[in-house]
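The values are calculated or read from the model by the stated rules, or taken from the named source; none is laboratory data. Note that this is a predicted model, so its numbers are computed, not measured. No Cβ is skipped: glycine too gets one built from the backbone with ideal geometry, and neighbour counts run over all protein chains shown. Keep in mind that these areas ignore ligands, DNA and RNA; they rest on the heavy atoms of the full protein, side chains included. Shrake-Rupley method; radii C 1.70, N 1.55, O 1.52, S 1.80 Å.
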Amino acid sequence: MRARYRIPLGITAVAAAGLLYSAGFEARSFRLRRVTVPVLPPGMRPLRVLHISDIHMVSGQRKKQRWLRSLAGLRPDFVINTGDNLSDPEGVPEVLDALGPLMEFPGAYVFGSNDYYGPKLRNPARYLVERATGRHGLNGNPPVVGAVHNPWEDLRDGFDEAGWLNLTNTRGILKIEGVTVELTGLDDPHIKRDRYAQVAGGPSNTADFSMGVVHAPYLRVLDAFTADAYPLILAGHTHGGQLCIPFYGALVTNCDLDTDRVKGLSTHTAEGRTSYLHVSAGCGTNRYTPVRFACPPEATLLTLVSRE
C-alpha cells in the first residue's frame, strides 16, 4: 500500500515545490539585462536606453515598485515603455508612483491589451492550443466581450504630464544632448489596434537615429518596420515564455513570433533588409498566473553604439 502511493505523493511534492519557487521566489527575482547594439551611424556617441515592459502592476506589489524606482539610478539617456503596465484596475497610481523617478528622464510609451482591459482567469493550456492553430489574440479569434475596462486614460495622462511621448500609431522626436532620436510607434497588434499605414514611409532624413516601438512583436509589424529600414525595433508582450523548460527554453510566445526570439536581442529580415529586434521578457505576470519558471522578470539597459 505504501509503495502504491509513494510515486504520486512524490510527484505532488515536486509540483508543490516548483509552484512555491516559481511564485514565491522567481516571479519576484527582478533582474537587469545589459545589451550592446551596433545600430547608430558612424561617429555618433553611444545612447543608453532603458527598456521596460509588462509590469502588470497589482495593487500592493511593493517589492516590484521599489525595484522599478531603483532603475532611475542607471541614469539612461531615455526610457521606452512597451506596455501592459496594468493587471489591476486600481493599479494606475502605483504604476505612476513606481515609474515617477524614471519619468524625470526623456521617454516614450505604447500600450498593450492589458492597459485597456482587465485580465481574465484563463487555462494556461490555451496558449499551447493557440500556438498550434495560429489563433493569437484577436487575430482570428472572436472580439473581446464582457471585459473589464481599465482606466488607461489616467495612465496616459500621467505619462503625458511627465513629458513622455505617446507613440500610439504615430511618430515622435526626442532631443537628447544635441541628438535627434525619431520614434515610430504602434498600438497593440495583439488586439488589432495597430495602424501601420498611418506611420509608413521609414525613417525621416532629419533624424540622427530612428527606431520602431510596439507592444506585441507580431510578424506583420516586424516585417513592416524592417522593410521600411528601421535599424532597431523594441517590443514586449511575450513574458519571455514565462514558464520555460531549463536547457530547452520557451514553449509559447503568445503571438506568431518563433520561440527562438521570445526574449532578448535578435534580428529580423524582410524584403532583403535586416533590423535588430529586442523583446523584453517583462517584469510582471498576469495576476491570475503569478508564476515564472526559468524566466526571471527583467528590464533591459541597451547601449546603442555605432555601426562599424
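With (1) in contact with a Ser or Thr (Cβ under 6 Å, 6 or more places away or on another chain); (2) surrounded by 15 or more Cβ atoms within 10 Å (Cβ to Cβ); (3) in a loop (DSSP other than H, G, I, E, B) as the list, and GLU90 as the residue in question, which single condition is left unmet?
(2) is the only condition that GLU90 fails.
Only one of (1) touching a strand residue (DSSP E or B) at 6+ places or on another chain (Cβ under 9 Å); (2) within 26 Å of ASP88 (Cβ to Cβ); (3) open to solvent by less than 70 Å² (accessible area, probe 1.4 Å) fails for GLY172. Which number is that?
The one condition GLY172 does not meet is (2).
Go over the candidates ARG69, ARG75, ARG4 one by one and state the one that is modelled with pLDDT of 95 or more, of a type outside the set (A, V, I, L, M) and surrounded by fewer than 14 Cβ atoms within 10 Å (Cβ to Cβ).
Criteria check complete, one pass: ARG75.
Could you figure out which of (1) open to solvent by 10 Å² or more (accessible area, probe 1.4 Å); (2) in contact with a Cys (Cβ under 6 Å, 6 or more places away or on another chain) isn't true of ASP256?
So ASP256 meets the others, but not (2).
Would a scan of the range 213-220 turn up a residue that is open to solvent by less than 60 Å² (accessible area, probe 1.4 Å), more than 13 Å from the chain's Cα centre (by Cα) and either in contact (Cβ under 8 Å) with a residue 60 or more places away in the chain or farther than 16 Å from GLY83 by Cβ (or both)?
yes
Looking only at the range 278-308, count how many residues are over 30 Å from ARG62 (Cβ atoms) and either among the charged types (D, E, K, R) or crowded, with 23+ Cβ neighbours inside 10 Å (or both).
Of the residues in the range 278-308, 3 are over 30 Å from ARG62 (Cβ atoms) and either among the charged types (D, E, K, R) or crowded, with 23+ Cβ neighbours inside 10 Å (or both).
Does any residue of the range 190-210 turn out to be over 19 Å from the mean Cα position of the chain (by Cα), modelled with pLDDT of 95 or more, among the hydrophobic types (A, V, I, L, M, F, W, C) and surrounded by 18 or more Cβ atoms within 10 Å (Cβ to Cβ)?
Scanning the range 190-210 turns up at least one residue that is over 19 Å from the mean Cα position of the chain (by Cα), modelled with pLDDT of 95 or more, among the hydrophobic types (A, V, I, L, M, F, W, C) and surrounded by 18 or more Cβ atoms within 10 Å (Cβ to Cβ).
Every residue in the range 93-127 that is polar (S, T, N, Q), modelled with pLDDT of 95 or more and either open to solvent by 20 Å² or more (accessible area, probe 1.4 Å) or touching a Pro at 6+ places or on another chain (Cβ under 8 Å) (or both), please.
Of all residues in the range 93-127, those polar (S, T, N, Q) come to 113-114, 123.
Narrowing further to those that are modelled with pLDDT of 95 or more: 113-114.
Of everything in the range 93-127, just one residue is polar (S, T, N, Q), modelled with pLDDT of 95 or more and either open to solvent by 20 Å² or more (accessible area, probe 1.4 Å) or touching a Pro at 6+ places or on another chain (Cβ under 8 Å) (or both), namely ASN114.
Select, from THR133, THR238, the only residue that is farther than 23 Å from PRO38 by Cβ, touching a strand residue (DSSP E or B) at 6+ places or on another chain (Cβ under 7 Å) and either surrounded by fewer than 16 Cβ atoms within 10 Å (Cβ to Cβ) or β-branched (Val, Ile, Thr) (or both).
Exactly one residue qualifies, and that residue is THR238.
For the range 224-233, which residues satisfy the criterion of being assigned to a loop (DSSP other than H, G, I, E, B) and open to solvent by 10 Å² or more (accessible area, probe 1.4 Å)?
The answer is ASP228, ALA229, PRO231.
Any idea how many residues of the range 266-277 are in contact (Cβ under 8 Å) with a residue 60 or more places away in the chain and open to solvent by 30 Å² or more (accessible area, probe 1.4 Å)?
Within the range 266-277, residues that are in contact (Cβ under 8 Å) with a residue 60 or more places away in the chain and open to solvent by 30 Å² or more (accessible area, probe 1.4 Å) number 1.
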